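**Student:** Below is a structure I'd like to ask you about.
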């Protein structure tokens, strides 16, 4: 192995000998280390640096002239500055050497270049149809090979979000309808890019989209709120819903509690976090059996307590 891959190989040493969280195939957990390993595999098989392989086999082939590996020394025309939030104030994002995220991030692009990527995925120019079909086939937690697979308004939608210091992104593709939503933001201080992407693709699919900003908090019967408290299994996460002083509180395990504010009798939003809604399907007496969290895509959770 050449010195060019010494960095990635040194990073792999940090986790290669640690015990598995669970047996392969039993559960799902998104982890950047997997993509990091894929980058090293690409270099081993191709005998090329990861960034050179992408340039030759993807960016140059698709005329994606505004995409590449984001080394800080590269002069980029119209390079965007990334922002974060600190104690309620917008600040310049903390510096990150893009040699660290490697194949789990580190790329720059534009909406128009990513549209070229979207167009190419309808052809065999980059990847053959059999491999694409495998990529779009849901496994655990409806995750394929690098794509989340979801149903939206009765249509199959594949996509993925991303975030790094100062930036957040999402792409959502309704393949059968030939529709795509690509959202890039030069801030990591909001979750709204996922919601924007979902609503943009929803408009293309004929959904009646109500802008998030128009949602107003309403008062609902206190007896109705009693249907919702409990513990719900949402993918690998357990979410606790409870009533405190007449307020409905959501607390994902290991995270801070947040108040759910009603905008419909069974539908709630988070005032502190943009773009997330929580719906408890069904009506009538009895405890709610499930919850649906919408954050750039639906995640259903079953009541476990």
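The values are calculated or read from the model by the stated rules, or taken from the named source; none is laboratory data. None of the values given here were measured: they were computed from a predicted structure. As a convention, Cβ positions derive from the backbone with ideal geometry for all residues, glycine included, and neighbour counts pool all protein chains shown.
**Student:** If a residue has to be touching a helix residue (DSSP H, G or I) at 6+ places or on another chain (Cβ under 7 Å) and in contact (Cβ under 8 Å) with a residue 12 or more places away in the chain to count, how many in region 38-63 make the cut?
**Tutor:** 9
**Student:** Another question, then. Scan (1) touching a helix residue (DSSP H, G or I) at 6+ places or on another chain (Cβ under 9 Å); (2) within 24 Å of residue 72 (Cβ to Cβ) for the single condition residue 180 breaks and write down its number.
**Tutor:** (2)
**Student:** Out of the residues in region 93-118 meeting the condition of being surrounded by fewer than 16 Cβ atoms within 10 Å (Cβ to Cβ), within 17 Å of residue 76 (Cβ to Cβ) and modelled with pLDDT of 95 or more, tell me which one is farthest from the chain's Cα centre (by Cα).
**Tutor:** Only one residue fits best here, namely 112.
**Student:** Which of the residues spanning region 73-92 are within 25 Å of the chain's Cα centre (by Cα), loosely packed, with under 13 Cβ neighbours inside 10 Å and assigned to a loop (DSSP other than H, G, I, E, B)? Give the steps one after another, and end with the answer.
**Tutor:** Filtering region 73-92 for residues within 25 Å of the chain's Cα centre (by Cα) gives 79-92.
Cutting the leftovers down to loosely packed, with under 13 Cβ neighbours inside 10 Å gives us 79, 81, 86-92.
Those that are within 25 Å of the chain's Cα centre (by Cα), loosely packed, with under 13 Cβ neighbours inside 10 Å and assigned to a loop (DSSP other than H, G, I, E, B): 79, 81, 87, 88.
Residue-by-condition table, conditions (1) modelled with pLDDT of 85 or more; (2) closer than 19 Å to residue 113 by Cα; (3) touching a strand residue (DSSP E or B) at 6+ places or on another chain (Cβ under 8 Å); (4) in a loop (DSSP other than H, G, I, E, B):
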{"site": "176", "(1), (2), (3), (4)": "yes, no, yes, yes"}
{"site": "181", "(1), (2), (3), (4)": "yes, yes, yes, no"}
{"site": "197", "(1), (2), (3), (4)": "yes, yes, yes, no"}
{"site": "201", "(1), (2), (3), (4)": "yes, yes, yes, no"}
{"site": "209", "(1), (2), (3), (4)": "no, no, no, yes"}
{"site": "213", "(1), (2), (3), (4)": "no, no, no, no"}
{"site": "216", "(1), (2), (3), (4)": "no, no, yes, yes"}
{"site": "219", "(1), (2), (3), (4)": "yes, no, yes, yes"}
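**Student:** List the residue pairs whose Cβ atoms are under 7 Å apart, where the first residue sits in region 79-93 and is outside the structural domain of residue 69 (by TED's automatic domain parsing), the second is part of a loop (DSSP other than H, G, I, E, B) and surrounded by 12 or more Cβ atoms within 10 Å (Cβ to Cβ), and the two are 6 or more positions apart or on different chains.
**Tutor:** Cβ pairs passing all conditions: none.
**Student:** Considering only region 248-258, state which residues are assigned to a strand (DSSP E or B), modelled with pLDDT under 90 and over 18 Å from the mean Cα position of the chain (by Cα).
**Tutor:** Residue satisfying the conditions is 258 alone.
**Student:** Is there any pair with a first residue in region 145-159 that is without any contact (Cβ under 8 Å) to a residue 60 or more places away in the chain and on the phi > 0 side of the Ramachandran plot and a second that is surrounded by 18 or more Cβ atoms within 10 Å (Cβ to Cβ) and not in a strand (DSSP E or B) whose Cβ atoms are under 8 Å apart and which are 6 or more apart or on different chains, and what are they?
**Tutor:** 153/202
**Student:** Count, please, the residues in region 161-174 that happen to be surrounded by fewer than 18 Cβ atoms within 10 Å (Cβ to Cβ) and assigned to a strand (DSSP E or B). It would help to see each step written out before you state the result.
**Tutor:** Quick first cut of region 161-174, residues surrounded by fewer than 18 Cβ atoms within 10 Å (Cβ to Cβ) only: 162-163, 165.
Remaining after also requiring assigned to a strand (DSSP E or B): 162-163.
Residues flagged as surrounded by fewer than 18 Cβ atoms within 10 Å (Cβ to Cβ) and assigned to a strand (DSSP E or B) within region 161-174 amount to 2.
**Student:** Then there's this: Six or more apart or on different chains, Cβ atoms under 8 Å: show the pairs whose first residue is in region 10-34 and without any contact (Cβ under 8 Å) to a residue 24 or more places away in the chain and assigned by TED's automatic domain parsing to the domain that holds residue 105 and whose second is in a loop (DSSP other than H, G, I, E, B) and surrounded by 10 or more Cβ atoms within 10 Å (Cβ to Cβ).
**Tutor:** 21/27; 21/29; 22/29
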